[in-house]
Amino acid sequence: MNQPTGMDLRRDRRRQAMLLAASEVFMVFGFDHANMQVIADSAGVTKATLYAHFSDKAQLYSAAIEYWLGQLPEPRLPIQARGGLRVCLERAAHELLLQNQHTASHALTQMVLRSNRIAHKRWRKRFLPYQRYLEKAFSRWARCPEPEQAAIQFLLLTVGNLDCSNPSAVSKARLAAAVEIFAQVYA
């Protein structure tokens with residue numbers, strides 16, 4: 001395996017600085033009102049340097065979104081859904097809360113709210129581990145004839161929306177209410 005050189009490390013740090021600066025600008029101004037000069041100034045690089053890394057504003061925006069999606073913590077959910085349904089729901093809710101409280105989630109939400117320029121499919125992908133875990137949990141209960149539907153409904157109740165058209169804050173109270181409702185209905 002090749003070790004990164006000093007030049008590689010500097011390039012990676014510069015790229016990260018540009019992505020963070022772009023994220024801040026997109027959070028404040030949104031995609032339409034952000035411009036490459038402001039982003040370059042914010043990152044402490046020239047506009048030419050910014051364009052050397054990103055061909056245009058759309059590519060920079062996409063790279064910033066991908067950066068933050070990559071920073072989201074992976075949910076620590078077991079492969080098997082063990083224990084009672086309430087325990088499984090609480091585990092998923094806890095991981096959703098941790099993800100929502102992460103800096104990356106805040107950055108993504110602010111960028112999307114200001115710009116609404118993210119592929120819905122990529123945004124939804126962040127919820128797939130939760131959906132799969134919940135499907136396994138619901139499938140263990142005879143009172144739940146459609147585990148996939150129940151998993152999606154639980155996620156919708158807890159996070160509000162699985163696409164990026166209107167991301168909303170996840171709260172302990174909202175999560176607790178969803179757990180209670182689903183535990184009463186299916187367990």
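Pop out the ³J(HN,Hα) list for the stretch 143-160 in order, Karplus 6.51 cos²θ - 1.76 cosθ + 1.60 with θ = phi - 60°, rounded to Hz; leave Gly and Pro as x.
6, 10, x, 10, x, 5, 5, 4, 4, 5, 5, 4, 4, 4, 5, 7, 9, x
The stretch 1-100: D in µm²/s via Stokes-Einstein (Kirkwood Rh, Cα pairs, 25 °C, 0.890 mPa s)?
153
Per residue, how much accessible area does the chain have with a 1.4 Å probe, in Å²?
So the chain comes to 55 Å² accessible per residue, rounded to a whole number.
Please enumerate, by chain and number, the lysines with C-alpha under 20 Å from the C-alpha of LYS125, excluding those fewer than 8 residues away in the same chain.
List returned: LYS136.
Test of understanding: express the Cα radius of gyration of the stretch 1-57 as a ratio to 2.2 N^0.38 Å, with N the residue count.
On the way: Rg = 12.5 Å, N = 57, 2.2 N^0.38 = 10.2 Å.
So the Cα radius of gyration is 1.22 times the expected 2.2 N^0.38 Å.
Taking 1 over the mean of 1/r across every pair of different Cα atoms in the chain, what Kirkwood radius in Å do you get?
Computed over Cα pairs of the chain, the Kirkwood hydrodynamic radius comes out at 18.2 Å.
Excluding residues fewer than 8 places away in the same chain, name every one of the lysines whose C-alpha is closer than 30 Å to that of LYS47.
Partners found: LYS57.
Show me the trypsin sites (Lys or Arg not before Pro) within the stretch 1-94 that DSSP assigns to loop and that have at most 14 other Cβ atoms within 10 Å of their Cβ.
Passing both the DSSP loop test and the Cβ count: ARG76, ARG82.
Treat each spin label as a single point 7 Å out from the Cα along the C-beta direction, and report the ARG76 to SER62 distance in nm.
Once both label points are built, they end up 3.5 nm from each other.
According to a simple spin-label model (label point 7 Å from Cα along Cα-to-Cβ), what is the distance in nm between ALA173 and THR46?
About 5.4 nm, to one decimal.
The values are calculated or read from the model by the stated rules, or taken from the named source; none is laboratory data. All figures in this text were calculated on a predicted structure; none of them were measured in a lab. No Cβ is skipped: glycine too gets one built from the backbone with ideal geometry, and neighbour counts run over all protein chains shown. Surface areas here come from the heavy atoms of the whole protein model, side chains and all, with no ligands, DNA or RNA. Shrake-Rupley method; radii C 1.70, N 1.55, O 1.52, S 1.80 Å.
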